[in-house]
Amino acid sequence: MLLTVLTGSLMADPVSEMLHRIFPQNKDYKKFEWVVKGGDTQQFTLSCNGRKVKVVGTDNIAIATGINWYLQHYAGVDISWNSPTGNLPKKLPACAEETHTASVDWRYYLNFCTYSYSMSFWDWERWQQELDWMALHGINMPLAITGMECVWKEVLMNTYGYTLDEVNTFVCGSAYYGWFFMNNLTAWGGPQPESWYTQQQALARKIFQRMKDFGMRPVIPGYVGMIPKDFLTQAEASKITGWKSSDIVNGGNWCSFVRPYFVNNTDRLKEFAANYYAAIDRLFDDVCTTHFYAIDPFHEGGVPSGVTNASASVNAMWQALTTYDANAVWVAQHWQENPTTIVTHTIPRGRLIILDLHGDQYADTECSGHHTSRPTPDPSHKGGESAAVEPKSLPSRGDLEGSAHDWVWGQVSNFGGNVGLFGRLDRLINCFYAARNNKGTNQLVGIGALPEGIENNAMLYDLLYALPWTNTDYTRATWIADYVRMRYGFNGANGSNGAYETMLSAWQKLAAGIYQCPNNGQQGTTESVFLMCPSLTPGTVSSWAASTWYWDFADLRTAFHEMLSVSDALADNDNYRYDLVDIARQALADYGKELLDAGLARGESAARFLELILDQDRLLGTRSELRLGRWLSSARVLGGSSAEKNLYEKNARMLLTTWGDRAQCEHGGLHDYANREWQGLLSSYYYPRWKAFFANGCTPQQWFADYEWPFANGMSAAITNYLPEGAPYAYGSFTAEPVGDEIAIAQELYDKYFSDSRMNLR
């Protein structure tokens, strides 16, 4: 049984270890002292006398949040994805004692998709950085699915007699677990070697232990009723006594993938669920501390046609879960039409948390999903609950007529890991505060970021996780003023000769423009035209993006110029260098759209467009975070043999390009869904398509057969005829190390494309 311990001593000192990692030089970690005082309401009290920073907090997460509050708001140190370490000012800025109390109990983080689009190939070093970042941002309720494929291997092999080969006809490849655990697909990207399961189980144990040390309560995948298609023939007959053919039914399709089958018999479902949860205990019981279980049985597709009684199936899942953990809380995503009343009218109030993914997209101030419980009491809900002890910070359970379920205000700012500046900044601020102010009636219990991909638009995350702790509500103006100080190190003693005012002006333009997407239907960033399937008309790259160009290109270029103008003052700040490349990238992508609008029929214009793509590639190559080689290298290093390295690289390439095979790519809507404006992809994947398009009279080609699938497989094909000179292509040929100086290349490209004499669309 996975038991929650909310108070008491921990075996590790995670705060001290975190400080050593984020301040590896100058012994800055010695300048902090902290006291964990306990208490029912999460808060921290912060002070600094100029020599020591003192934080008193209710738990380790509150302590870490208080440390980060000082770093950002006083010391001008922003620990971010691109800068996971920092240095304190030589003289610590003093601050009077101040207390901050969390306005919501839970700060949720991650989406199943994040684990595939961003985290597929992370090692422990990268995970430690992320866990530190999570603690600093007050996150206490993260989704955790790393290594959960090992649970399926465990239950199938050790309970039902499968061989590893048989397991791998069900379990998917390394880049696709997000959709495997959401019941969308099986097997694709495999088969996985034994070594994969071994290393991922070890990695998961470290992650769970670190979460436990910090006091985080992870959300882990609960049993959703899925089962292998060939279960009745692959399992040992003696171990499935009583099962019959009608007990499992076809789960249907998802984007041209075959879903797992579904256990249709509720007794068999509870039996399999019990074995699934027992396997979790065998692998992770001593390190995983939680009561939260992610269960979305009918995600993106509804109830399979062969299911006899969906409500009975959900009730069986609930009974199995509460038999395993009497304190269990079911966590469901509000995405599209989920959760339906099948879930909300089965799970009792206080035992279901709905994650509202649409918070900023639709300006939600209360949960916009199926928010209420069953309108009339149902005695069947009470089974197995009498012995439950409610988690301390959850509201009291009651089977009230039509009562609102608990929910988390959330945002999905990124889809597919796409690269681009994007946000709905005003909605993020105003809608959360409005929801918080009415939480007594709407049952708001948390705030969360649920992106499909991370490591971009860091400003949104700093803001979102600051909102629950503010003593004075932010406005757009006050947030941007604070953010510029914290992001670039402008503390009270450092004005950098007017650089702050210039950067503030640049960010005000961004905050009023590209970070104010007005379109409810748009899914994340407006995709770069460089990544489109070639066409003379600007459009979307992926099927459901609904991209629009809603900001003023001239304002963004002015912000780019303003950022460049303070390069001497900020050259040593890595956050500045990253952001400069990002805004330069956006300006070049905007210009590419203008070139398409102006027409590319003449050869000179087409050549200019191709040159622009390669210039973008060179700019992005100055940052490791924006290089395809970083993604591929992290995949390859996990393999112990050439075959394993190539398997992981194939997974990594497929996910960003074809996603699946031809059926999923062309007919399932997944073509270039995970497009990335990254160095290496631009020159070796997107550029050849465009060059072939122009070389063949602006006519469509056999893109999948000749360009896309060969790239995913590392095979020579027509694509190689259109590669720019020296561009890498083969497996193992892309590198992670940055090349060139960010500031110098950004300045060069500004002068080349945006100076008054060159701003034309010939």
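Rule-based calculations on the coordinates, nothing more; no lab input. Computed from a predicted structure; not experimentally measured. Glycine also receives a Cβ, built like all others from the backbone with ideal geometry; neighbour counts cover every protein chain displayed.
General remarks:
- Of all beta bridges that DSSP places with both ends in the chain, some 40 percent have antiparallel geometry.
- Ordering G423, G359, L444 by Cα displacement along the dipole of the chain toward the positive end leaves L444 in first place; charges were set at the Cβ atoms of Lys, Arg (+1) and Asp, Glu (-1).
- Computed from the Cβ-Cβ distance with R0 of 30 Å, the FRET efficiency linking E337 to A663 stands at 0.75.
- Estimated from helices alone, the mean residue ellipticity of the chain at 222 nm is -11000 deg cm²/dmol (sum of -39500 (n - 2.57) over DSSP H runs with n ≥ 4, per residue).
- What the Cα convex hull of segment 14-106 gives, in volume per residue, is 98 Å³.
- 3J(HN,Hα) along segment 38-54: x, x, 7, 10, 5, 7, 9, 10, 10, 7, 8, 9, x, 10, 9, 9, 10 Hz, from the Karplus curve 6.51 cos²θ - 1.76 cosθ + 1.60 with θ = phi - 60°, whole Hz, x for Gly and Pro.
- Applying a threshold of 27 Å to the alpha-carbon distances of K593/K650; K206/K229; K153/K229; K270/K439; K229/K645; K244/K270 flags K593/K650; K206/K229; K270/K439; K229/K645 as lying beyond it.
- Here the relative contact order of the chain, from alpha carbon pairs under 8 Å that lie six or more residues apart, stands at 12 percent.
- Annotation for E236 and A546: the two label points, set 7 Å from Cα along the Cα-Cβ direction, are 5.3 nm apart.
- Once the Cα-Cα distance is subtracted from the 0.36 nm per residue extended length, the D267 to A554 segment shows a gain of 97.0 nm.
- Residues of type lysines that K52 reaches as a straight line, Cα spacing below 16 Å, ignoring anything fewer than 8 places off in the same chain: K27, K30, K31, K90, K91
- Residues listed by number, segment 49-84, amide nitrogen under 15 Å from K27 label point at 7 Å toward C-beta: 52
- 4 °C / 1.567 mPa s Stokes-Einstein diffusion coefficient of the chain, Kirkwood radius on C-alpha pairs, µm²/s: 48 µm²/s
- Estimated FRET transfer efficiency when R0 is 35 angstrom, pair S245-L164 (beta carbons, to 0.05): 0.85
- Mean Cβ count within 10 Å, highest first, over the residues of peptides 575-587, 78-90, 357-369: 575-587, 357-369, 78-90
- Segment 14-106, relative contact order [Cα under 8 Å, separation at least 6], %: 32 percent
- Amide H contacts under 5 Å for V219: L143, A144, restricted to partners 5 or more places along the chain or on a different chain, H placed in the peptide plane at 1.01 Å from N.
- Rg over Rh, two decimals, segment 128-230 (C-alpha only, Kirkwood Rh): 1.01
- Here the label points at E125 and S733, each 7 Å from Cα along the C-beta direction, are separated by 2.6 nm in the simple model.
- Beta bridges per DSSP with both ends in segment 14-106, % antiparallel, nearest 5: 65 percent
- Amide hydrogen neighbours beyond the local backbone of N140, cut-off 5 Å, H modeled: R107
- Stretch gain in nm, segment E17-D568, where the contour uses 0.36 nm per residue and the Cα spacing is subtracted: 194.9 nm
- Among 51-60, 530-539, 416-425, the order from most to least packed when residues are scored by Cβ within 10 Å on average: 416-425, 51-60, 530-539
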